[in-house]
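Visitor: One structure is given below, represented as structure tokens, and several questions about it will come after.
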Amino acid sequence: MSRAQISALVCGVGGFGALVAATTSNEWKVTTRASSVITATWVYQGLWMNCAGNALGSFHCRPHFTIFKVEGYIQACRGLMIAAVSLGFFGSIFALFGMKCTKVGGSDKTKAKIACLAGIVFILSGLCSMTGCSLYANKITTEFFDPLFMEQKYELGAALFIGWAGASLCIIGGVIFCFSISDNNKTPRMGYTYNGPTSVMSSRTKYHGGEGDFKTASPSKQFDKNAYV
């Protein structure tokens, strides 16, 4: 098993885990500290729940009961993150089948194709997550720096950074898997050496070596200088 495939598998599976954590997290955006100093309360909002906490330690979450009242960018981010998690799951399965150390997947050429497919799926998963997190962050920053926006302003939450990190790992792992197909094609050709003619000639030389010396010595006795004088 090549080191490139090990690195790609670690990046892909690690990125998939980060995408799952980001999707289920409730800290996609948090209230800015500048506006919550007096009240000492903080509000966390995610794709699925809204949570609130205070300095006394109480914490309460309320899920979104209906999807029809949820804003459009949140629904778009939901779809993108679900697609990213689904693609990351199938990419992890394809990556396991495409590894050289596994006994499933068929021949080396078939494994190379499966590994390339896993790389493409990982790249698509990373792009979906990157798009969803960037769309959500763009909405937060636009409202935060808008002087005419008078409602509660939020800052970027930890889930966005986790999603960006997971997307980067998935893309890196997918690229490595795509490039590992050349390594899979070269490895079988470099492993075979043909030593047939060398072994046959060497065996014949060893077998007829003693007789050859004896046979070449007898004609020299018949044709020497005294035969022509």
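Laboratory data are not the source of any read-out in this text; all were calculated from the coordinates shown. All of these numbers come straight from a predicted model, not from anything done at the bench. Because the Cβ atoms are built from the backbone with ideal geometry, glycine has one as well, and the counts that use them run over all protein chains shown.
Visitor: Residues with beta-carbon under 12 Å from that of TYR73, excluding TYR73: net charge, scoring Lys, Arg +1 and Asp, Glu -1? Mind showing how you got there, number by number?
Guide: Working: positive: LYS29, ARG78, LYS139; negative: GLU71, GLU143.
Charge balance in the 12 Å sphere: +1.
Visitor: Give, as a single signed number, the net charge of other residues whose beta carbon lies under 14 Å from the beta carbon of PHE97, with Lys and Arg counted +1 and Asp and Glu -1.
Guide: Numbers: positive: LYS100, LYS103, LYS109, LYS111, LYS113; negative: ASP108.
Net charge in that neighbourhood comes out at +4.
Visitor: Sticking with this one: Under a plain spin-label model, where a point goes 7 Å from the Cα along Cα-to-Cβ, how far apart in nm are GLU71 and TRP42?
Guide: 2.1
Visitor: Ordered by packing density, taken as the mean number of other Cβ atoms within 10 Å over each peptide's residues, highest first, how do 118-124, 89-95, 129-135 rank? Let's see the in-between values first.
Guide: Values: 118-124: 24.3, 89-95: 20.1, 129-135: 22.1.
Averaged packing, sorted descending, gives the order 118-124, 129-135, 89-95.
Visitor: Quick check: residue separation of ASN138 and SER7 times 0.36 nm, minus the Cα distance between them. What number comes out in nm? Can you show the working numbers first?
Guide: Values: separation 131, 0.36 × 131 = 47.16 nm, distance 3.19 nm.
Gain on stretching ASN138 to SER7: 44.0 nm.
Visitor: Quote the FRET efficiency, to the nearest 0.05, computed for ASP108 versus ALA21 with a Förster distance R0 of 41 Å and r equal to the Cβ-Cβ distance.
Guide: Values: r = 35 Å, r/R0 = 0.85.
Working from the Cβ atoms, E equals 0.70.
Visitor: Listed highest first by mean packing, meaning other Cβ atoms within 10 Å per residue, what order do 74-86, 166-178, 46-58 come in?
Guide: Working: 74-86: 18.6, 166-178: 24.5, 46-58: 14.0.
So the peptides 74-86, 166-178, 46-58, ranked by packing, come out 166-178, 74-86, 46-58.
Visitor: Okay, moving on. What distance in nm separates the two pseudo spin-label positions at CYS101 and ALA52, each 7 Å out from Cα along the beta-carbon direction?
Guide: Spacing of the two 7 Å Cα→Cβ label points: 5.1 nm.
Visitor: Same structure again: Given R₀ = 22 Å, what would the calculated FRET efficiency be for MET150 paired with HIS60, taking r from the Cβ atoms and rounding to 0.05? Present the calculation step by step, with values, prior to reporting the outcome.
Guide: Values: r = 25 Å, r/R0 = 1.16.
Result of the calculation: an efficiency of 0.30.
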